[in-house]
Amino acid sequence: MKVEPGQATVLEALGARQEPISLESLAEQLEMKPETVTGIVFTLEEDGLATVDERKTEGLCLTDEGSQYESQGLPELRLLEAAIGAGADDEPVSLGGIVGQLGDDIDVDIALSNLARKEYGAVSAGELRVSVVNPADEEADALAEIAAETSPGVEESVIDRLEHRNLVERRSRTDRYVTLTETGRNVVADGLEVTETVDRVTPELLTSGDWEDVEFTAYNVAADPPRHIGGSEHPLRRMAEWVKDVLIGMGFEEMEGPHVDADFWINDCLFMPQDHPARTHWDRFELAEPARIEELPTDLVERVERAHREGVGEHGEGYHAPWEEDFARALALRGHTTSLSARHLAGEARGDLEPPQRFFSVEKAYRNDTIDATHLLEFFQIEGWVMAESLSVRDLMGTFTEFYEHFGITDIEFKPHYNPYTEPSFELFGVHPETDELMEIGNSGIFRPEMLEPLGVDCDVMAWGLALERLMMLVSGAEDIRDVHGTLVDLEYLRETEVVY
Amino acid sequence: MPVVDVDPDELRRLAGAEDVSDETLIDDLFALGLEFEGWTEDGALELEFAPDRLDRLSVEGIARSLRYQYGHDRGMHIPRTNRSNWTFVVDQRVPAQRPYVTGAIVRDVDLTEESLQSLITLQEKLHETMGRGRHKGAIGIHDLGMLKGRGATESAERTSITYTGIEPEAERFVPLEADAEMTPGEVLTDHPTGREYAEVVAEYELMPAIYDDLGLFSFPPVINSRRTEVTTDSRNLLVELTGTDQWTIDRMLAIVCYALDLRGAEIEDVEVAYPEYDIVRPDWEQTTKQVEHARIERTIGIELDRETVLELMACAGLDAQPIDENGLAYEVGIPPYRVDVLHPVDIVDDIGRAYGFNELEPRYPDVATVGSRHANSRFERAVRSLLTGVGFEDLLNFNLISHTANFERMHVAPDDKVHGAGTPVTIEEPYSAEYEIVRTWALPSVMLVLENNTHRAYPQALAEIGMAGVVDRDEPTKTAERRTVAGVIADHEASYEDGKARLAAVCRRLGVPLETPACEHPSFITGRSAAIDFGMGAVGVIGEIDPAVLVEHGLEVPVVAFEFPLAAIRSAAADQ
């Protein structure tokens, strides 16, 4: 029979003996790597030439501390030796003096308690008296025997004590034993024909043409490989990119703008009354430095103030709330990225915009609150708006239905809602794929005239915002994504999370 | 968002919906915008809603909305209101910060424990919302039987109370939940309710006070006197509101009166006599708005006939008359408890809700636009893909960080002249010391990730493209924000060369030259740190992190790191 060289070596070795042999001993005998021998033996088993059986044995091994004592001596014996060296077999000596002579690696408490337990000596009034010289220590002997793997002679009670001292561990191990089958013996008896196989494909092999005549060594292609860690995009970033792709496909153009911005752009332009609870210092990310913006378009500030005080249109009505330009100039970290929409609609970001337009951003917004499982100080807001001569609630619903369908969410519910800057307004709800829980996944509406008119927009604009993290929870089925974003991220998470696409 | 607890049986009774199941009731409430959050321990519905329809802060208000929804009520309801002989006299000494007052007399209330509790809850909820924590408006409700009006003001039939301002220690009265007389000043320091609301009057020179013939009975917006406390035995009530804005307190009054009216009480108006003018409250004069039919159809997105629109408005509790000027429009009367109707669009929303927004069929808008990525975002994506391609794991850190992590732990001071230094954008009164400034560079965040992952397998090659910023007086927003690129390689064998090799690979693919003249930086080992120069001067830093910084972060392996602004490599790329 034709066999590979490795198989031949193993077959011949096994043919020479009747008794099963452990793979470890076989590898040692053949001076081969254990994993190589194991691989070969399994190929022989597959071919029906050998049988492998597993035997479980209970064994003992030393812990790290046990090995240390095995080589350096038990601490109580070292203490005893030092004490005798100081003359403690004659009369008690000062413990402090002896301890000073011992190395730093000895835990004196351990040494003393075991010395006392074994009745080798005792301490009283800070002085150590020893009662034996050169005792036969069965624990030290046992450690040596276990280290030399000749432990069967050690008494159970001694092992228990050493285990209690955390110097040895009882460990069960599984050994594989191999023996030839009848077929195997016949194959060996009939004589083996060894094929020459080649491990690596080398340049010489290819250029010389020798590759045509060789056989390549078979690998254990089912074996686990070493772990490879490559670079890859952050899961939340990947989700953001996916959202961007979908929105661009739907005709949206990307916006960007400042994280630190005036309350004017963050709130006043959105017809948020200055005494709105969200604008109190508890919820705003107020800045100690820098404090105020200088440049604001004067005309726009006037128009916005008028809208707040008087409303817009013949039948409009303003807020019955104070309005201070100084507050509008206060700088803050944006609480939403609708500030970017305000800057775009006002013509500040890209000049005056004529309908139709679609714009979006997937950018960070900040939330000044305590952090908990589902709330972080920073989150990504998906912000989008459509500007056209005429837009209805049906257009708004159609846009979101289309958007969420790209992420496999087809059962959106629209709940009539209230926002200071949109009317009508809707909260969007979707069902979490894992928990079946109805989750809020967005907030939307048609911008109010009190917002649009001061910005100089005289057509319809519908807008929506939602947290990217929420969408990711719906798409990935994750229930808790608290440690995804931020410096507490577990690299294992980045290395193992399934990608979304 | 406001949350109210509502007894479902009470709600059914008031709404005339005794045979509606819990499940249907919850659905009908959802359609009104009231989201069912769960059951309370007492078996009440916990409802959350957006703060526009503040008339729904009580079971009575929610019942009224349901009555319209179920068709029991139609059109606008105005409570029948009689004249009373009470006058609220506003004295010259009234605190300048709280000049307005309003109120009403309410007779024949039949208060049970439940309805009294409902009234108190409504009062508290209105304080939290419209009243802006009692700053803008506060309500006091008193047992009229315990009050003695003062003598005539104009005629012998009229009797009065007086709203005035007094020195904090000028008067003593027994406040609610107390047994002894206290001055307003003592209430603010010694009474639990007083302590809670002391900040509302902290800037007032004089304390607001309302007197009847027997003395001070209300210290708005803080506390009432015990003498006039409302109990289930009270039959007639005096309601007074003080605040910073007449419109706001009048609307709060309307919401309270409508709730009591639904329970069958009789409302009587009062005269408010300001030094310069007199008004009568509650004022049920309705506001009207004109809404165009075309606007309704445009926003809702369907065609509607006139009768349908009129019917929907009646179902929303509005009074509507068609008018034909240049095309069809409606004159719409709005009930006084509505605080949310600022513009005709709010009426369009009411019509849509009455029609049922969820009945509408979505349609993709017939609007053609061309989508595109921002150029900055396109470039950022290209650089991120190059970084991951050369083996960096992409990070996404917070832009907020602690001062210590950003500066001290990196051995950098804000006013150093090195990469990463600068005056940080600083949060006022941060909740957490971990997040108190906007990071001035990204490398500290990446170092924190290394610090938190020492138990994970090495090598750890990590990179982030994210935002950083410093205070800059020349910028319009006083902040120079930038996208920054930071990378580290932490490994037993990591050296300067490994970092530079990967950075050089990225530069080659962008067609950007890379020079690294030696420089000194306190975060890096001297002799193993360099400036990054893409051919336009030093813009960043690369080097091996100083062992002191490594130990500071609990790291036991060498780390090579770099950081530079994304815009710098972009302009260098554009320049080639």
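No value in this document is a laboratory result; all are computed from the given coordinates. Here the structure is a predicted model, which means the values were calculated and not measured. Please note: Cβ atoms are built from the backbone with ideal geometry, for glycine as well, and neighbour counts cover all protein chains shown.
Computed values, structure above
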| quantity | calculated |
| --- | --- |
| Vicinal HN-Hα couplings computed from phi for the stretch A:93-98 (Karplus, 6.51 cos²θ - 1.76 cosθ + 1.60; Hz; Gly/Pro x) | 10, 5, 5, x, x, 5 |
| For the stretch A:284-373: rounded, prolate or oblate by the Cα gyration tensor [a/c cutoff 1.5] | oblate |
| Contact order normalised by residue count of the stretch A:237-496, Cα under 8 Å, 6+ apart, percent | 20 percent |
| Long-range Cα-Cα pairs in the stretch B:400-460 (distance over 12 Å), rounded percent | 67 percent |
| Summed residue charge, Cβ within 14 Å of residue A:501's Cβ, Lys/Arg positive, Asp/Glu negative | -1 |
| Relative contact order, percent, the stretch B:375-575 [alpha-carbon distance under 8 Å, six or more residues apart] | 21 percent |
| Fraction in percent of alpha-carbon pairs per bin - 5 Å, the stretch B:467-576 | 2, 12, 20, 21, 18, 14, 9, 3, 1, 0 |
| Global geometry of the stretch B:78-128, whether rounded, prolate or oblate, following the gyration tensor of its Cα atoms and the 1.5 cut on a/c | oblate |
| Over 20 Å [Cα-Cα, the stretch A:197-296], rounded percent | 72 percent |
| For q = 0.10, 0.11 Å⁻¹, Debye-computed log10 I/I(0) when each Cα of the stretch A:237-496 counts as one equal scatterer | -0.50, -0.61 |
| Share of Cα-Cα pairs in chain B lying beyond 29 Å, as whole percent | 67 percent |
| Hull volume in cubic angstrom per residue (convex hull over the Cα atoms of the stretch B:314-428) | 335 Å³ |
| Rounded to the nearest 20 debye, dipole of the protein assembly as shown from Cβ charges on Lys, Arg, Asp, Glu | 2540 debye |
| Test item: A:410-416 mean partner chain Cβ contacts at 10 Å | 4 |
| Pairwise Cα inverse-distance average, inverted: Kirkwood Rh of the stretch B:3-69 (Å) | 11.6 Å |
| Equivalent ellipsoid semi-axes, the stretch A:19-164, via Cα gyration tensor eigenvalues times 5, rooted, Å | 48, 14, 11 |
| For chain A, calculated [θ]222 nm from helices alone, where every DSSP H run of n ≥ 4 adds -39500 (n - 2.57) | -10500 deg cm²/dmol |
| Size of electric dipole in the stretch B:81-281: Cβ of Lys, Arg +1 and of Asp, Glu -1, about Cα centre, debye, nearest 20 | 320 debye |
| Residue-averaged beta-carbon neighbours from other chains (10 angstrom radius) around A:233-241 | 4 |
| Exceeding the 31 Å Cα-Cα cut-off - candidates B:417/B:500; A:244/B:125; A:364/B:125 | A:244/B:125; A:364/B:125 |
| Chain A - percent relative contact order, Cα under 8 Å, separation 6 or more | 13 percent |
| Mean shadow area of chain A over all directions, Cα convex hull, nm² | 44.6 nm² |
| Principal axis dimensions, the protein assembly as shown - Cα atoms, whole angstrom, descending | 128, 87, 68 |
| Shielding by partners - mean other protein chain Cβ count within 10 Å, residues of B:396-405 | 5 |
| Listed peptides A:197-210, A:157-170 by packing density, highest first (mean Cβ within 10 Å) | A:157-170, A:197-210 |
| Tensor-based shape of the stretch A:46-117 (alpha-carbon gyration tensor, a/c under 1.5 rounded, otherwise prolate or oblate) | prolate |
| Calculated Rg and Dmax of the stretch A:87-191 using C-alpha coordinates, Å | 23.9, 82 |
| Interchain or long-range residues, amide H under 5 Å from residue A:168's placed H | A:63, A:163 |
